[in-house]
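What follows is one structure encoded as structure tokens, with my remarks underneath.
Just so it is clear, none of the values below were taken in a lab; they were calculated from the coordinates. Computed from a predicted model, the values in this text were never measured in an experiment. Backbone-built Cβ (ideal geometry, glycine too); neighbour counts: all protein chains shown.
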Amino acid sequence: QVQLVESGGGLVQAGGSLRLSCAASGSIFRFYTMGWYRQAPGKQRELVAIITPHGSTNYADSVKGRFTISRDNAKNTVYLQMNSLKFEDTAVYYCNPDLTPYWGQGTQVTVSS
């Protein structure tokens with residue numbers, strides 16, 4: 001069983017920044033590719049960014065150049081630095097170990113235009 005706790009969301013003006021954190025329980029964290037997802041009202045959940053155990057990353061086209069995913073395996077934590085936020089980034093953000101059914105409660109990000 002893996003428990004995930006996302007934090008760091010909030011209300012921010014367009015153009016602002018936020019840093020999300022996802023703390024995972026368990027010693028196997030470092031073996032997983034980790035993903036950040038988001039779900040806006042009335043829309044399907046979508047992949048935002050992923051990071052492999054060794055730090056390779058990939059991003060959705062909509063966030064490239066603005067978001068940065070990183071991880072600290074010693075702290076069992078994955079981060080999402082979000083800069084130049086846009087209204088359309090408004091969503092609940094979740095982290096997920098790749099190919100597992102484990103999800104946290106999510107953290108709300110609201111960007112005011």
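The alpha-carbon of residue 64 sits under 20 angstrom from the alpha-carbons of these lysines, leaving out residues fewer than 8 places away in its chain: 86.
Which of the peptides 81-92, 29-40, 1-12 is most tightly packed, and how do the rest follow, going by the mean number of other Cβ atoms within 10 Å of each residue? Mind showing how you got there, number by number?
Values: 81-92: 17.2, 29-40: 19.0, 1-12: 15.2.
Ranking, from highest mean packing down: 29-40, 81-92, 1-12.
Taking all Cα-Cα distances within the chain, those exceeding 17 Å account for 48%.
Distance between the modelled labels on residue 113 and residue 57, one decimal in nanometres: 2.8 nm (7 Å Cα→Cβ projection).
Under 19 Å of direct C-alpha separation, and excluding same-chain neighbours fewer than eight residues apart, residue 75 reaches these aspartates and glutamates: 6, 98.
Annotation: aspartates and glutamates with alpha-carbon distance below 16 angstrom to residue 43 (same-chain offsets under eight excluded): 88, 89. The 3J(HN,Hα) values that the Karplus relation (6.51, -1.76, 1.60; θ = phi - 60°) gives for the range 81-89 are, in residue order, 8, 10, 10, 6, 5, 10, 3, 6, 7 Hz. Gly and Pro appear as x.
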